[in-house]
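Below: the structure, in structure tokens.
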Amino acid sequence: MDATDVAVIGAGVAGLACARALEQSGLHVRVLERSARVGGRVGTDLIDGFRCDRGFQWINAGHPDVRAAVDVAALNPRPVEPGMVLAHPDGYRILHGSQAALIATIRSGLGQPQDIARLLRWTEPLRKPPARMLAGADMTLAESLDRHGISGRIREEVLRPFFRLVFADEDLRTSYQFAMLGMQALRMGMPALPALGMQAVPNQLALGLDHPVEHGIDVLGVTRSTGEGVRILTDGGKISARAAVVATDPTTASSLLGLGIPTMRGLSTWWFATEVPPTTMKMPFVNPMGPATGPISHALVVSNIAPRYAPTGQHLVSACSVPTPGKDVGTETEAEVRAQLAQIFRTDTSRWGLVNRNAHSAAWPTARPPLILGREVDLGDGLFVAGDHRETPSIPGAMRSGQRAAAAVLEELGEPAKP
Ligand SMILES: Cc1cc2nc3c(=O)[nH]c(=O)nc-3n(C[C@H](O)[C@H](O)[C@H](O)COP(=O)(O)OP(=O)(O)OC[C@H]3O[C@@H](n4cnc5c(N)ncnc54)[C@H](O)[C@@H]3O)c2cc1C
């Protein structure tokens, strides 16, 4: 039976961040990955010279957990302009990512003067230090908006599109506290695309490992034997380890470890090529009128942000659909998507070339209230778990969970952590 100090199961950003931290403390680590690629839910497909990320995604290049895990500068991050363009039927409203811009939007006819005071109270946690930000009972976004008396156009045509854009939330059931954390992270951070695509993030983590990731290994079972470490059953044989970290997606983690499965958000993304970009802006355009007017929630000319997402002379547009509750992911048709994009960008989309589309029914955990940060990663007797379902449903959350799992393994094995 093959042996190692630690087996990390899954080469998503959680598993890779974990493996790297363990290796830095001198342990022998094997990373076992089922697929042929590192990154799991983070990745980029190269199609005819276009870089299509595995869905509409960006990295918060200013987030402390991202900066702790990767060399952000080496990713050459190209910032997304903070804010969003509300593509109203009566004209565009540009909402730059600031409180002053939000107030100006309300004054532009989307709300009443009293809405300003209500919104300021609703966003009060953002102005508190992090430790006090999460004080008090959590609730859904819908409950928090009801309590603050926020309704009408500001709720439906500004806040809802924003929640779809950032949380793929179509039912307002996301945790209010999680939303506040996410909004603070956006405000303090820097949403960006790596110049060469999101795949650059896990690639960098994997290249930093002493031992290459072992691809094509499907882990079928993990068992503890008290005092003797952990046995890992794979489709190619058995591996023994002093400790194992299950860093798979939440559903697989659940079947390997018997944990509860979080409900997951779904979304689908379409990628189109055009010689003439519909805008030069580096901000997402959102559909403020909701799913009744078409399937597309928001769209972005990604090559305006990171030109190397498209070959010379071409541009790449990504468009995202967030299903309404009870509807399957990815049921929208190409004709519906083109028609909606024509409305959003006020241009003819009939000659745009379809480059790719992908649908994720399990993109990330829903983050329903109550928000629980830092779920247990040490399951006892040498078995550990990491992944976005242990922290916040995001790339920084997954990375943080990996580093927490690594610290717990080092403590269990009595190994000194790297100072
Ligand atoms: C379309 C989309 C858009 C997103 N947008 C953003 C965004 O803009 N910003 C953001 O911060 N987050 C975003 N996210 C969420 C983010 O990508 C995830 O939260 C994060 O990548 C989860 O990482 P992970 O390592 O926990 O899990 P995963 O990425 O799921 O990695 C798990 C790995 O385990 C492997 N594996 C599974 N089972 C086995 C097995 N039995 N044996 C061996 N290996 C196995 C898988 O192949 C995979 O490589 C998005 C996700 C999606 C899908």
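The values are calculated or read from the model by the stated rules, or taken from the named source; none is laboratory data. Just so it is clear, the structure is predicted and the values come from calculations on it, not from any experiment. Here Cβ is always computed from backbone atoms with ideal geometry, including for glycine, and neighbour counts include all displayed protein chains.
The table below lists the values:
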| read-out | value |
| --- | --- |
| Selection count, the stretch 113-141, where residues are of a type in the set (D, E, K, R) and either touching a helix residue (DSSP H, G or I) at 6+ places or on another chain (Cβ under 6 Å) or modelled with pLDDT under 90 (or both) | 5 |
| Top-ranked residue of the stretch 197-234 - restricted to ones that are of a type in the set (Gly, Ala, Ser) and more than 21 Å from Gly40 (Cβ to Cβ), ranked as modelled with the lowest pLDDT | Gly227 |
| Out of Val329, Val337, sole residue that is hydrophobic (A, V, I, L, M, F, W, C) and part of a loop (DSSP other than H, G, I, E, B) | Val329 |
| Filter result for the condition that a residue is under 22 Å from Gly326 (Cβ atoms), in a helix (DSSP H, G or I) and out of contact with any Lys or Arg (no Cβ under 9 Å at 6 or more places or on another chain), over Arg132, Arg160 | Arg160 |
| Output for the stretch 149-162, where each listed residue is of a type outside the set (Lys, Arg), buried (at least 17 other Cβ atoms within 10 Å of the Cβ) and more than 16 Å from Ile103 (Cα to Cα) | Pro161 |
| Qualifying residue in the stretch 242-265 (condition: more than 26 Å from Glu412 (Cα to Cα), among the polar types (S, T, N, Q) and crowded, with 23+ Cβ neighbours inside 10 Å) | no |
| From Val286, Val355, Val317, residue being crowded, with 23+ Cβ neighbours inside 10 Å and either in contact (Cβ under 8 Å) with a residue 60 or more places away in the chain or over 27 Å from Gln199 (Cβ atoms) (or both) | Val286 |
| Residues located in the stretch 274-289, provided they are more than 16 Å from the ligand (Cβ to nearest atom) and either within 24 Å of the chain's Cα centre (by Cα) or modelled with pLDDT under 95 (or both) | Met281, Phe285, Asn287, Pro288, Met289 |
| Failed condition for Asn304, given (1) closer than 22 Å to Leu95 by Cβ; (2) not small (Gly, Ala, Ser); (3) not in a helix (DSSP H, G or I) | (3) |
| Of residues in the stretch 1-60 being among the acidic types (Asp, Glu) and closer than 26 Å to Pro307 by Cα, the one nearest to the ligand (Cβ to nearest atom) | Asp53 |
| Single match in Ala131, Ala192, Ala137 (criterion: within 30 Å of Ala19 (Cα to Cα) and more than 18 Å from the chain's Cα centre (by Cα)) | Ala131 |
| Residue tally, condition more than 23 Å from Thr392 (Cα to Cα) and of a type in the set (Lys, Arg), over the stretch 34-93 | 5 |
| Tabulated pairs, the stretch 203-220, first within 19 Å of Ser25 (Cβ to Cβ), second more than 10 Å from the ligand (Cβ to nearest atom) and part of a loop (DSSP other than H, G, I, E, B), C-beta under 9 angstrom, 6+ apart or interchain | Leu205/Val70; Ala206/Pro212; Gly208/Val70; Gly208/Asp71; Asp210/His28; His211/His28 |
| Within the stretch 61-77, considering residues that are more than 14 Å from the ligand (Cβ to nearest atom) and not in a helix (DSSP H, G or I), the one surrounded by the fewest Cβ atoms within 10 Å (Cβ to Cβ) | Asp71 |
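Matching residues to (1) at pLDDT 95 or above; (2) of a type outside the set (Phe, Trp, Tyr); (3) in contact with a Leu (Cβ under 9 Å, 6 or more places away or on another chain); (4) part of a strand (DSSP E or B):
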| residue | (1), (2), (3), (4) |
| --- | --- |
| Leu267 | yes, yes, no, yes |
| Trp270 | yes, no, yes, yes |
| Ala292 | no, yes, no, no |
| Leu300 | yes, yes, no, yes |
| Thr312 | yes, yes, no, no |
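Residue-by-condition table, conditions (1) modelled with pLDDT of 95 or more; (2) among the acidic types (Asp, Glu); (3) farther than 30 Å from Ala273 by Cα:
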position	(1), (2), (3)
Phe345	yes, no, no
Val377	yes, no, yes
Met399	yes, no, yes
Glu411	yes, yes, yes
Lys418	no, no, yes
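One line per residue, one yes/no per condition, for (1) within 11 Å of the ligand (Cβ to nearest atom); (2) of a type in the set (Phe, Trp, Tyr); (3) touching a Phe, Trp or Tyr at 6+ places or on another chain (Cβ under 6 Å); (4) within 28 Å of Trp352 (Cβ to Cβ):
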site: Leu193; (1), (2), (3), (4): yes, no, yes, yes
site: Gln199; (1), (2), (3), (4): no, no, no, yes
site: Ala206; (1), (2), (3), (4): yes, no, no, no
site: His215; (1), (2), (3), (4): yes, no, no, no
site: Ala243; (1), (2), (3), (4): no, no, no, no
site: Gly258; (1), (2), (3), (4): no, no, no, no
site: Trp270; (1), (2), (3), (4): no, yes, no, yes
